[in-house]
Amino acid sequence: MQEQIQGFLLSPQQKQFWLLQHNSQVYRNQCAILLEGNLKIEVLKAALQQVVDRHEILRTTFHWTRGIKLPIQVITHDSHFSIQEIDFSAFVRG
């Protein structure tokens, strides 16, 4: 029995992007930011979670199963992102 997934067809731009990056690591993205000063990490996490909650594109994933040519986009209602904290202060020269 196959699982039924509810989602939306890809836009023409998403189709093109999917075909370009399918089975390739070339179009993977990540980012790193440098924050200086007294950072309240819990406040930052809460603010970023609000941004994710507000914008559907940040909660959109592509689901592809055998038998279909292109994936569908699925928007989750509640999504939690992860943030990796790395403290480099021991390596900074004063």
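Given a Förster distance of 22 Å, report the FRET efficiency between I33 and S89 from their Cβ-Cβ distance, rounded to the nearest 0.05.
On the way: r = 16 Å, r/R0 = 0.71.
That pair, I33 with S89, gives E of 0.90.
About the Cα centre, and with charges only on the beta carbon of Lys, Arg (+1) and Asp, Glu (-1), how big is the dipole of the chain? Nearest 20 debye, please. Could the numbers behind the result be given before it?
Working: 9 positive and 8 negative charges, 79 e Å.
Once rounded to the nearest 20, the dipole reads 380 debye.
Would you look at the GNM of the chain, springs on alpha carbons closer than 10 Å, and say which of L34, L20, L48 moves the most?
Of the options given, L34 has the highest mean-square fluctuation.
What does the charge count around L9 come to, taking other residues whose C-beta lies under 12 Å from its C-beta (Lys +1, Arg +1, Asp -1, Glu -1)?
On the way: positive: K15, K69; negative: none.
Neighbourhood net charge equals +2.
Using only C-alpha positions, report the orientation-averaged shadow area of the convex hull of the stretch 31-71, nm², one decimal.
On the way: hull surface 18.2 nm².
Spelled out: convex hull of the Cα atoms, projected over all directions, averaged, 4.5 nm².
Based solely on its DSSP helices, what 222 nm [θ] is calculated for the chain when runs of n ≥ 4 H residues each add -39,500 (n - 2.57) and the sum is averaged over all residues, nearest 500 deg cm²/dmol?
Values: 2 runs with 24 residues, N = 94.
About -8000 deg cm²/dmol.
Compute the orientation-averaged projected area for the chain from the convex hull of its Cα atoms and round it to one decimal in nm². Mind showing how you got there, number by number?
Numbers: hull surface 38.0 nm².
Its Cα hull, projected and averaged over all orientations, spans 9.5 nm².
Using mean Cβ contacts within 10 Å as the protection proxy, how do 37-44, 9-16, 57-64 order, highest first?
On the way: 37-44: 8.6, 9-16: 11.6, 57-64: 13.2.
Descending packing order for the listed peptides: 57-64, 9-16, 37-44.
Could you state the angle between the C-alpha long axis of helix 41-54 and the longest principal axis of the C-alpha atoms of the chain, as a value from 0 to 90 degrees rounded to the nearest 10?
20
Along the charge dipole of the chain, Cβ charges K/R +1 and D/E -1, which of I33, H55, G7 sits furthest on the positive end?
Result: G7.
Rule-based calculations on the coordinates, nothing more; no lab input. This is a predicted model, so every value here is computed, not measured. Virtual Cβ from ideal backbone geometry, glycine too; neighbours counted across all protein chains shown.
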